[in-house]
Amino acid sequence: CLMCKTGETAPGTVTDSFRKGDTLVIVKDIPAQVCTQCGEPYLDGEVAKVLENLVNAAVRKGAEVEILRYVA
């Protein structure tokens, strides 16, 4: 793990929040490689692109707070 320098990563899911302007988007069940020691998540490029699209869609519709479950 780049953060704690001692853990290994394993497949898992995480919940994370993203803020863009006045919009807060919380996404659950994001697939990630998660450090077994400190919990730091690592996302691949495809997952990051899906998250970017989810956040941008929430901003376009004028949401202040959006809570979503990750769906590829």
Next on the checklist: Anything in segment 15-62 that is of a type outside the set (Val, Ile, Thr) and over 27 Å from CYS4 (Cα atoms)? List them, or say none.
Outcome noted: LYS20, GLY21, ASP22, LEU24, ASN53, LEU54, ASN56, ALA57, ALA58, ARG60, LYS61, GLY62
Checklist entry - Among the residues of segment 16-33 satisfying the criterion of being closer than 16 Å to VAL47 by Cβ and of a type outside the set (Val, Ile, Thr), which is least open to solvent (accessible area, probe 1.4 Å)? => result ALA32
Item to check | Filtered residue count, segment 10-67, keeping only those that are charged (D, E, K, R) and either in contact with a His (Cβ under 6 Å, 6 or more places away or on another chain) or in a helix (DSSP H, G or I) (or both) | outcome: 4
Checklist entry - Between residues in segment 59-72 that are more than 12 Å from ASP16 (Cα to Cα) and among the small types (Gly, Ala, Ser) and residues that are modelled with pLDDT of 95 or more and part of a strand (DSSP E or B), which pairs lie under 7 Å by C-beta distance while being six or more apart or on different chains? => result ALA63/THR23
Checklist entry - Within segment 34-66, which residues are surrounded by 16 or more Cβ atoms within 10 Å (Cβ to Cβ) and acidic (Asp, Glu)? => result GLU40, GLU66
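The values are calculated or read from the model by the stated rules, or taken from the named source; none is laboratory data. Keep in mind that this is a model prediction, so the values were computed, not measured. We place every Cβ from the backbone using ideal geometry, glycine too, and count neighbours over all the protein chains shown. Note: areas computed on protein heavy atoms with side chains; ligands, DNA, RNA excluded. Shrake-Rupley method; radii C 1.70, N 1.55, O 1.52, S 1.80 Å.
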